[in-house]
Amino acid sequence: MRPVSAARVALLLLILLACRLAAGSWPVYSATWDEPEHLAAGIELLDRGRYEYDTEHPPLARLLIALGPYLAGARSFGTPPPDGTQEGKDILYANAHPAEYLTLARLGTLPFLALLLWATWLWGRHVLGSERAALLPVALLISAPPILGHAGLASLDIAAAATGLLAFYALQRWLESGRPGDAAAAGLASGLAVGTKFSAVPFLGLALPALALVRALTGARPPGAPRPAARPWVLGLALLVLGTLLVLWLAYAPRTTDVSGVNVRFTWAVGYLLAQSGFDHTLGVWLSHLWLPREAKDLVNGVMAVKAHNDTGHRAFLLGQVGEHGWWYFYLVALAVKTPLPLLAGGVAGLGWLARVGWQERAAGRLAPLVLFLVILGFASLFSRINIGIRHVLVLYPLLALGAAYLLQRAWRNRSAARGAAARAGGTALLAALLTWQFSVLWRAYPDYLPYFNETVTQPRTVLVDSDLDWGQDLRRLELRAAQLRIPRLWLAYLGTVDLGREPLPPFERLRPRQIVHGWVAISALARTRNPTDYAWLEAYQPVERIGASIELYYVP
């Protein structure tokens, strides 16, 4: 039996460290916006064999989120769908200690964090050439606050990043090897990604031809070289599709025999397509005449629900503007302000350098990270109208970490080759300073990785808010602080899915838009920016203090 390498032991330790850092927010944060509904959907599936709540998201990650609370006794109340938020709140508060169920639900995200770091290590080993060198992008990824912030929540974004990155890696392996076994593995990984979040459909759908094109461009034969043996690409593609469908069938198969809800949703999905024009209408016609098993109908409905959401847009905030249909530069701004500056600059430069070397060496694997980064960022920027957080493109961070790690690797080699002790010492000091700057965020921001902004932003609520600064996470802190200050009565402007009536707040009233009041006022950043004129009168006053990162507490005399 081969002994475990030191690099793999170090990888395990890094994963454990990341999980511990992510879990630091558990006792601090109240339930964030999406967590009750994710919990409700998973509990309903485990308890009743039904999947009726918010079917815009597939069930795989929700099952893991719900498993801990279910084993601890959480059960479904059968609240009518499709909105599962009230069901999720009832499940949480059914326990005398709701924080216990919430903690168990958040525990279900940590396996996906481990998967994300492992997939990053696989990419690093492939690109950087050794298991030891592959530890560097893993460490850099851990120092990205958006990764740790969302890994501490019972949500789908870390799970989507982890399964998506693994699927990209598996696709690249298959395109390089052409082996049927690698094609099947790529299919299973792709099914896992789609079964976790439907954003994987366009990401993988664009990534596969892009990576195949890179493989074709870098695989040119030198003059006189023999033609390589033909590879069974058709067979591989078939195995890829079958592997994907197998995982999706397993995700959607365990259900009750009652299919009425599925049929209603499928009828809606077909009707939505028929009301469109062009290819959407044609697809609707096909689906209306095509027999599909229940599992396929459920899948089609979920994808169509995401499409309808994107078509109609989502109310969002960016740089003082409120809009319904997003901005093409939203994710560029989000990356610029939510990423530590050494990782941002080093990652972009390193991806470019890595791609340049990959092109010179005709190494498709080294070109792939930049291609994937551009494909994902380009699609999200040009086609996404749901601009509610960097969380939707978290898969970009391991790619940035790969680029930054390559840049550091090359910089260290150049430093070692420098002539003169002074030049080598200067290079060492510079690299040490940059790494210290990058990793210092781990203790500077702890445990508030979710609302982290880098040094370019002094007033975060004027830049980004929804799930980047305020996702309703600081209500528990407000409760504790209100008790310490013995606030007798509170005016509250707060947006979230927490049941305020069952929280230990002081006597309070909801502060309505444009309502001018006196006394203690607590207002969250999301409530303040949903319509910036609603509470503009508070700008004349200085807050007594900030509660966490997202709530400001005023005393209006």
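The values are calculated or read from the model by the stated rules, or taken from the named source; none is laboratory data. Note that the structure is predicted; figures quoted are calculated from it, not measured. All Cβ positions, even for glycine, are placed from backbone atoms using ideal geometry, and neighbour counts span all protein chains on display.
Miscellaneous remarks
- Boolean, Tyr29 is outside any helix (DSSP H, G or I), under 28 Å from Ile388 (Cα atoms), of a type outside the set (Gly, Ala, Ser) and modelled with pLDDT under 95: no
- Residue match in the stretch 529-552 (condition: in contact with an Asp or Glu (Cβ under 9 Å, 6 or more places away or on another chain) and over 28 Å from Lys338 (Cα atoms)): no
- Hey, Arg50 within 22 Å of Gly191 (Cα to Cα), surrounded by fewer than 24 Cβ atoms within 10 Å (Cβ to Cβ) and of a type in the set (Lys, Arg) or not: yes
- Test: Trp471 is of a type in the set (Phe, Trp, Tyr), at negative phi, in contact (Cβ under 8 Å) with a residue 24 or more places away in the chain and out of contact with any helix residue (DSSP H, G or I) (no Cβ under 9 Å at 6 or more places or on another chain): no
- Test for Leu141: is it within 16 Å of the chain's Cα centre (by Cα) and touching a residue at least 12 places away in the same chain (Cβ under 8 Å): yes
- Residue check, Ser76 outside any helix (DSSP H, G or I), among the polar types (S, T, N, Q) and in contact with a helix residue (DSSP H, G or I) (Cβ under 6 Å, 6 or more places away or on another chain): yes
- Remark: pairs (first residue in the stretch 475-490, farther than 18 Å from Pro543 by Cβ; second residue modelled with pLDDT of 95 or more and of a type in the set (Ser, Thr, Tyr); Cβ separation under 8 Å; 6+ apart in sequence or on different chains) = Arg476/Tyr29; Arg476/Ser30.
- Scanning the stretch 269-328 for residues that are surrounded by fewer than 12 Cβ atoms within 10 Å (Cβ to Cβ) and assigned to a helix (DSSP H, G or I) yields Phe279, Trp286, Thr312.
- Only one of Leu175, Leu171, Leu188 that is more than 17 Å from the chain's Cα centre (by Cα), at pLDDT below 95 and hydrophobic (A, V, I, L, M, F, W, C): Leu175
- Residues of the stretch 429-449 satisfying the condition of being assigned to a helix (DSSP H, G or I) and aromatic (Phe, Trp, Tyr): Trp437, Phe439, Trp443
Listed here are the residues, each with its yes/no results for (1) surrounded by fewer than 24 Cβ atoms within 10 Å (Cβ to Cβ); (2) touching a residue at least 40 places away in the same chain (Cβ under 8 Å); (3) under 15 Å from Gly205 (Cβ atoms).
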position: Ala368; (1), (2), (3): no, yes, no
position: Val375; (1), (2), (3): yes, yes, yes
position: Phe379; (1), (2), (3): yes, yes, yes
position: Ser384; (1), (2), (3): yes, yes, yes
position: Ile388; (1), (2), (3): yes, yes, no
position: Val393; (1), (2), (3): no, yes, no
position: Pro398; (1), (2), (3): no, yes, no
position: Gly403; (1), (2), (3): no, yes, no
position: Tyr406; (1), (2), (3): no, yes, no
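- Filter result for Leu153 (surrounded by fewer than 24 Cβ atoms within 10 Å (Cβ to Cβ), touching a residue at least 60 places away in the same chain (Cβ under 8 Å) and either under 16 Å from Arg62 (Cβ atoms) or in contact with an Asp or Glu (Cβ under 8 Å, 6 or more places away or on another chain) (or both)): no
- One residue alone among Pro232, Pro222, Pro202, Pro228 is touching a helix residue (DSSP H, G or I) at 6+ places or on another chain (Cβ under 7 Å), closer than 30 Å to Leu372 by Cβ and at pLDDT below 90, and that residue is Pro232.
- Which numbered condition Ser277 fails, given (1) at pLDDT below 90; (2) closer than 24 Å to Lys197 by Cα: (2)
- Condition met for Leu469 (of a type in the set (A, V, I, L, M) and within 15 Å of Ile547 (Cα to Cα)): yes
- The single condition among (1) in contact with a Pro (Cβ under 9 Å, 6 or more places away or on another chain); (2) surrounded by fewer than 19 Cβ atoms within 10 Å (Cβ to Cβ); (3) over 23 Å from Ala308 (Cα atoms) that Gly78 does not meet is (1).
- Qualifying residue in the stretch 323-342 (condition: in contact (Cβ under 8 Å) with a residue 40 or more places away in the chain, on the phi > 0 side of the Ramachandran plot and touching a helix residue (DSSP H, G or I) at 6+ places or on another chain (Cβ under 8 Å)): no
Conditions (1) touching a helix residue (DSSP H, G or I) at 6+ places or on another chain (Cβ under 7 Å); (2) surrounded by fewer than 19 Cβ atoms within 10 Å (Cβ to Cβ), marked per residue:
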{"position": "Trp26", "(1), (2)": "yes, yes"}
{"position": "Ala40", "(1), (2)": "yes, no"}
{"position": "Ile43", "(1), (2)": "yes, no"}
{"position": "Ala94", "(1), (2)": "no, yes"}
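- Hits in the stretch 475-505 (condition: assigned to a loop (DSSP other than H, G, I, E, B) and within 16 Å of Ile551 (Cα to Cα)): Ile487, Tyr494, Leu495, Gly496, Thr497, Val498, Leu505
- Any hit, the stretch 483-501, residues being acidic (Asp, Glu) and modelled with pLDDT of 95 or more: no
- Test: residue in the stretch 110-126 that is among the β-branched types (Val, Ile, Thr), under 18 Å from His150 (Cβ atoms) and touching a residue at least 24 places away in the same chain (Cβ under 8 Å): yes
- When Thr497 is tested against the conditions (1) in contact with a Pro (Cβ under 6 Å, 6 or more places away or on another chain); (2) of a type in the set (S, T, N, Q); (3) surrounded by fewer than 17 Cβ atoms within 10 Å (Cβ to Cβ), the lone failure is (3).
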